[in-house]
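Here's the structure we're looking at; comments come further down.
The values are calculated or read from the model by the stated rules, or taken from the named source; none is laboratory data. Because the structure is a prediction, the values reported are computed rather than measured. Neighbour counts are summed over all protein chains in view; Cβ atoms, including those assigned to glycine, are modelled from backbone coordinates with ideal geometry.
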Amino acid sequence: MPKVNWTLDNLDEVLSSLTPEQSARAKTLFFMRLAEQAHRFYGGKMQTVPKAGVFGFNWFNVWYTPGVSKISTTIRDNNDESFELSNRGNLVAVVSDSSRVLGDGDCTPPGGLGVMEGKAFLMKYLGGIDATALCIDSRDEKGNHRAEKIIDFVKMAEPSFGAVNLEDISQPNCYQVLDTLREECNIPVWHDDAQGTACVTLAGLINALKLADKKIGEVKIVLLGAGASNTTIARFIELAGGDLENMVIFDSRGALHRDRKDIESDPRHYKKWELCLKTNPKKIADIEEAMRGADVLIALSTPGPDTVKPDWVRLMADKSIVFACANPVPEIYPYAAREAGAFIVATGRGDFPNQVNNSVGFPGILKGALMVRAKKISDGMAIAAAYSLANYAEKRGIHPDNIIPNMDEVGVFPHEARDVAQQAIKENLARVEMSEEEAFSRAEKDINYSRELVQMMMKESLIAVPPASLLQEALDWAVQRV
């Protein structure tokens, strides 16, 4: 491997001497090793920076006592003033009990901080939103995670935030937490693993079906995995015109259908039971039978690369679509899926084509909801975001290796925020109304400010550049292990 003159931008070229499988494995190991070293170098990736200045000593008396007394009493008399007189109107709580972190399972409460800080990082840079990571202990005295503890925590924290992003909460608690808080809180509560992933997946599916010249109401779909993501994806596909009778869903115990007594008897799994009643009327039990002639596979299951077999992909219909979106390793690598005949392949990772990842969803969605002070984020707002993403990509051009916008496309986020804000207004969920032009302009201004702030800090060396030795060590370490 080279020792000089390479960057992350030409990593594929650096690894070009390896086989496709070796390259894919090396990249996974490299990013994980570099992530550990880079987080250690920076001490995490978020900090708190004032938005107001100190223009002389007496400004301390404005920002704190005695002047701030007027802020407290004004908010006391009208709580809605908190959205204008504090940062609450642009502040999101990223809440997790870390009971299901990516593909790593229960990582203990502080184990989720890397992911939650990552969500805050993307919200700031991509959405112009301030956010703070709040990893909480939801365990009872027996060590069991309790949904009620998460619900109570969010309700208590609600007065400090404009919205809440739930993340990495194991099922079935995630369903109860979201459904309860969406109805009982007066600010948007968003579960990004469920709604966010479903929104972006639907956006990718819309454009993939256009390229394959297939209709969403006619295709046969297999979902591998029945967690929060895929159960919500199934519901969103139905809302977008899909036929659930043409869908087969598999969880860790087999296919979902109306004879799954283990699901019917457990009231905590009510979301899965609803899908048991609506999908797979033929009660197909075998994965190979389900895959035969399937147009679409959406996998959000056990990280691979051998969870999805190439032989399964070979059974699919012409111009088949494979979304293998487990993190950190897809259920099947894109090169293997393509060799098996897949027309379009997407993963959750940015180092492969077609990243179907909620990173292009939640920054714009939450920004749109915050701008109009929405009371909640409805399914209609999420579906509007999916079509916003799909339409943005279609207008700039789509092809089998580029079906959805990526995080580098700056214009997609104000576009998405505008469409979400307008949908909230249409559904009478907005406390503040604004025109399409006003919504786009405000979102664009805030997002540009955030990006320019980071770029300025980098230029002025207020954010240090990681030493090249950090990248080289991670590369050498990864390559030695493939």
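May I ask you to list the residues in the stretch 430-441 that are closer than 14 Å to residue 365 by Cα and part of a helix (DSSP H, G or I)?
The initial filter retains those residues of the stretch 430-441 that are closer than 14 Å to residue 365 by Cα, namely 430, 439-440.
439, 440 - these are the residues of the stretch 430-441 that are closer than 14 Å to residue 365 by Cα and part of a helix (DSSP H, G or I).
Would you check if there is a residue in the stretch 417-429 being surrounded by fewer than 14 Cβ atoms within 10 Å (Cβ to Cβ) and either in a helix (DSSP H, G or I) or in the same structural domain as residue 211 (by TED's automatic domain parsing) (or both)? The answer is yes, given that some residue of the stretch 417-429 is surrounded by fewer than 14 Cβ atoms within 10 Å (Cβ to Cβ) and either in a helix (DSSP H, G or I) or in the same structural domain as residue 211 (by TED's automatic domain parsing) (or both).
For the stretch 223-266, filtering for residues that are aromatic (Phe, Trp, Tyr) and touching a Gly at 6+ places or on another chain (Cβ under 6 Å) leaves 0. For the stretch 335-372, a residue qualifies if it is among the charged types (D, E, K, R) and farther than 19 Å from residue 203 by Cα, and the qualifying residues are 338, 339, 351. Residue 389: surrounded by 20 or more Cβ atoms within 10 Å (Cβ to Cβ), modelled with pLDDT of 95 or more and within 21 Å of residue 297 (Cα to Cα), yes or no? Against the criterion (surrounded by 20 or more Cβ atoms within 10 Å (Cβ to Cβ), modelled with pLDDT of 95 or more and within 21 Å of residue 297 (Cα to Cα)), residue 389 qualifies.
Of the residues 80, 97, which is within 26 Å of residue 165 (Cα to Cα), out of contact with any helix residue (DSSP H, G or I) (no Cβ under 9 Å at 6 or more places or on another chain) and outside the structural domain of residue 366 (by TED's automatic domain parsing)? Before the answer, list the steps.
Details: 97 fails: out of contact with any helix residue (DSSP H, G or I) (no Cβ under 9 Å at 6 or more places or on another chain).
Every option except 80 fails the conditions.
Scanning the stretch 140-168 for residues that are at positive phi and surrounded by fewer than 17 Cβ atoms within 10 Å (Cβ to Cβ) returns a single hit, 143.
Restrict the check to the stretch 58-71 and report whether at least one residue is touching a residue at least 60 places away in the same chain (Cβ under 8 Å) and of a type outside the set (Gly, Ala, Ser). Within the stretch 58-71, none of the residues are touching a residue at least 60 places away in the same chain (Cβ under 8 Å) and of a type outside the set (Gly, Ala, Ser).
The residues of the stretch 323-347 that are crowded, with 24+ Cβ neighbours inside 10 Å and either within 29 Å of residue 117 (Cα to Cα) or β-branched (Val, Ile, Thr) (or both), listed by number, are 323, 324, 325, 326, 330, 331, 332, 333, 344, 345, 346, 347.
Okay, residues lined up against (1) outside the structural domain of residue 362 (by TED's automatic domain parsing); (2) on the phi < 0 side of the Ramachandran plot:
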{"site": "104", "(1), (2)": "yes, yes"}
{"site": "108", "(1), (2)": "yes, no"}
{"site": "120", "(1), (2)": "yes, yes"}
{"site": "175", "(1), (2)": "yes, yes"}
{"site": "205", "(1), (2)": "no, yes"}
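For the stretch 382-416, the set of residues classified as in contact with a helix residue (DSSP H, G or I) (Cβ under 9 Å, 6 or more places away or on another chain), small (Gly, Ala, Ser) and assigned to a loop (DSSP other than H, G, I, E, B) consists of 411 only. Kindly establish whether residue 114 is touching a residue at least 12 places away in the same chain (Cβ under 8 Å), of a type outside the set (D, E, K, R), more than 30 Å from residue 301 (Cβ to Cβ) and in contact with a helix residue (DSSP H, G or I) (Cβ under 9 Å, 6 or more places away or on another chain). The answer is no for residue 114.
Give the stretch 426-449 a look and list any residue that's of a type in the set (S, T, N, Q) and over 24 Å from residue 81 (Cα atoms), or say none. Step through it out loud before you land on a result.
Residues of the stretch 426-449 that are of a type in the set (S, T, N, Q), as a first pass: 428, 435, 441, 448.
Once the filter is applied, which keeps residues that are of a type in the set (S, T, N, Q) and over 24 Å from residue 81 (Cα atoms), the stretch 426-449 yields only 448.
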